[in-house]
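Taking it in order: structure first as structure tokens, then the write-up.
The values are calculated or read from the model by the stated rules, or taken from the named source; none is laboratory data. Since we're looking at a predicted model, the values are computed, not measured. Counting neighbours? That spans all protein chains shown, and the Cβs are built from the backbone with ideal geometry, glycine included. These accessible areas exclude ligands, DNA and RNA; they are computed on the full protein's heavy atoms, side chains included. Shrake-Rupley method; radii C 1.70, N 1.55, O 1.52, S 1.80 Å.
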Amino acid sequence: MRKKQIEKKYNVQLEREQNPYMGGRYYWSVKDDTGKEIERGVTLDEVAETLKIARTM
């Protein structure tokens, strides 16, 4: 899935952030409507799968 598809389907905002503690690697930060981070993932596919699982519970 693409960034816009994930944002629309799960009603979240995705931001690409750099983790200074992991050698400067990037990750996707998933934030809800209030701006609170609810998930993290390295790839967009990983983020989509995590949100899919979280929403079915």
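Here are some notes:
- Checklist (1) at negative phi; (2) open to solvent by 40 Å² or more (accessible area, probe 1.4 Å) applied to ALA48, failing item: (2)
- Scan of region 4-45 for residues that are open to solvent by less than 70 Å² (accessible area, probe 1.4 Å) and among the basic types (Lys, Arg), ordered by number: LYS31
- Output for region 16-45, where each listed residue is assigned to a helix (DSSP H, G or I) and either touching a residue at least 12 places away in the same chain (Cβ under 8 Å) or touching a Gly at 6+ places or on another chain (Cβ under 7 Å) (or both): LEU44, ASP45
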